[in-house]
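Single-structure report; data block below.
Nothing in this text is a laboratory measurement; each read-out follows from the coordinates by a stated rule. Computed from a prediction, not measured in an experiment: that's the story for all the values here. Ideal geometry is used to build each Cβ from the backbone, glycine not excepted, and the neighbour counts take in all protein chains shown.
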Amino acid sequence: MDLRQLRYFAAVGQVLNVSRAAVILNVSQPALSRQVQALEEELGVVLVDRSERPLKLTSAGAYLLDQALLLLEKADQVAAATRRLGQGQRHWMGIGFVPSLLYSFLPEMLRRFGSARSDIELSLSEMTSLQQTAALKAGRIDVGFGRVEINDPQIATANVARERLMVAMPAGLHAQPDDAIALADIVKETVILYPAEPRPSFADHVIGQLVAEGHPIRQYIETNNMHTALGLVAAGSGCTLLPASTALLHRPDVVYRPIAGASLSTVIYMAVRANDHREQLVAFTEMARECLADFDPESASDPLPIASVAQGSHPLPRP
């Protein structure tokens, strides 16, 4: 299965007429029909029901059409970006991030950098902190933002911010909207941890802090991402601890509460390849410093201070 076959099939699937699709693609009708038939033979399924007019897609064909359109759009974007890079019009920079940072400073940082440096093509990849290590080494990303420190001699890591943890609970469980919840009460409930894999992860960070506070988890559920964890909270399966900035993710069936009598927090780390001092990376780092200086994890609370470079970590590149 190649892109040409997908493009041909997508044209037929969208107009449900081989003759019109052939005109759109500027190919002969027999050639188009052969490509669609070859795709069906390769996959071992019928994609187009030819017994009626107009043509109809089978259930397999409808599924493939949706996926093909996504793949073709992405392929076109990659081709266009590659041409721009090859012609020297833009530089490429890959950014890896954990999903919870989309509710924190990251969108504003990317917006500012994109406005200031239109010559740099930013490619964004959602990945865990652990996955960012391999991606940085392989050159798939140039900068990583996560919540677990990367201890690797090839990676320079800086502790750039600290954010309080809150607890998310099913709506209606506590009557007062501003009630702080004690850790002793939290661990009486089932605690929903994420991500389950790969480890170590934010889940281990939460477990460690609860143990350090003398309140180990009694019952827990593991899931793969924050959104699933919140869905399980809404379903009444338990509660979950998460960064305070994610309270921006409003759900009518979930409430966010501060934690009483404890200073649980999560550190945000920025990681780059050691000794990578390219100009665009230095520029991004300086923009990150400016944006992090303004970072306020909750509009209703005092901004949290930016931490210094963690002991044993490498400093981020400066001009």
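Counting only residues 5 or more places away or on other chains, whose amide H sits under 5 Å from the amide H of S123 once H atoms are built in the peptide plane?
It is M93, G94, I95, by chain and number.
If you place +1 on the Cβ of every Lys and Arg and -1 on the Cβ of every Asp and Glu, how big does the dipole about the Cα centre of the chain come out, in debye to the nearest 20? Each step should come with its number before you reach the end.
Details: 28 positive and 34 negative charges, 191 e Å.
Computed about the Cα centre, the dipole is about 920 debye.
Which of the listed residues, V78, M1, A60, is farthest toward the dipole's positive end in the stretch 1-121, when Lys, Arg count +1 and Asp, Glu count -1 at the beta-carbon?
It is V78, whose Cα lies furthest towards the positive end.
Select from the chain the helices, each a whole stretch of DSSP H, whose alpha-carbon atoms run 20 Å or more along the helix axis and whose Kyte-Doolittle mean is at least -0.5; answer none if there are none. Don't jump to the answer; show the numbers that get you there.
Values: long enough: 29-43 (21 Å, -0.58); 59-86 (40 Å, 0.34); 279-293 (21 Å, 0.35).
What comes out of the filter, once short or polar helices are dropped, is 59-86, 279-293.
Among L292, N224, N275, pick out the residue whose Cα is farthest towards the positive end of the charge dipole of the chain, where Lys and Arg carry +1 and Asp and Glu carry -1 on C-beta, about the Cα centre.
Selected residue: N275.
Please work out the FRET efficiency for the pair S19 and A138, using the Cβ-Cβ distance as r and a Förster radius of 45 Å; give the result to the nearest 0.05.
0.45
With runs of 4+ DSSP H residues as the only contributors, calculate the mean residue ellipticity of the chain at 222 nm using -39,500 (n - 2.57) per run, divided by the residue total and rounded to the nearest 500.
Numbers: 10 runs with 124 residues, N = 319.
That comes out to -12000 deg cm²/dmol.
Extending each Cα 7 Å along its Cβ direction at K56 and A180, get the distance between those two points in nm, one decimal.
The modelled label-to-label distance comes out at 6.4 nm.
Using R₀ = 41 Å, calculate the FRET efficiency as 1/(1 + (r/R₀)^6) where r is the Cβ-Cβ separation of D204 and L70; round to 0.05.
Values: r = 34 Å, r/R0 = 0.83.
About 0.75, to the nearest 0.05.
What's the whole-number percent of alpha carbon pairs in the stretch 3-86 lying beyond 22 angstrom? Please list the in-between numbers first.
On the way: 895 of 3486 pairs.
Distances greater than 22 Å cover 26 percent of the Cα pairs.
Suppose R0 equals 25 Å. What FRET efficiency, 1/(1 + (r/R0)^6) with r the Cβ-Cβ distance, do E290 and H91 give to the nearest 0.05?
Between E290 and H91 the formula returns 0.80.
Which cross-chain or sequence-distant (5 or more) residues have an amide H under 5 Å from the amide H of K56, H modelled 1.01 Å from N in plane?
For K56, whose amide H was placed from the backbone, the distant partners under 5 Å are D49.
In terms of modelled amide H atoms, which long-range or inter-chain residues lie less than 5 Å from the amide H of R273?
Counting only residues 5 or more places away or on other chains, the set is A156.
Over what distance in Å are the Cα centres of the stretch 124-149 and the stretch 12-41 separated?
Using only Cα atoms, the two centres lie 41 Å from each other.
How long are the three semi-axes of the equivalent ellipsoid for the chain, computed from the Cα gyration tensor as the root of 5 times each eigenvalue, in whole Å, largest first?
44, 29, 17
May I ask what percent, to the nearest 5, of DSSP beta bridges between residues of the chain are antiparallel? Display every interim value, and only then the final one.
Values: 23 of 39 bridges.
Taking every DSSP beta bridge within the chain, about 60 percent pair in antiparallel fashion.
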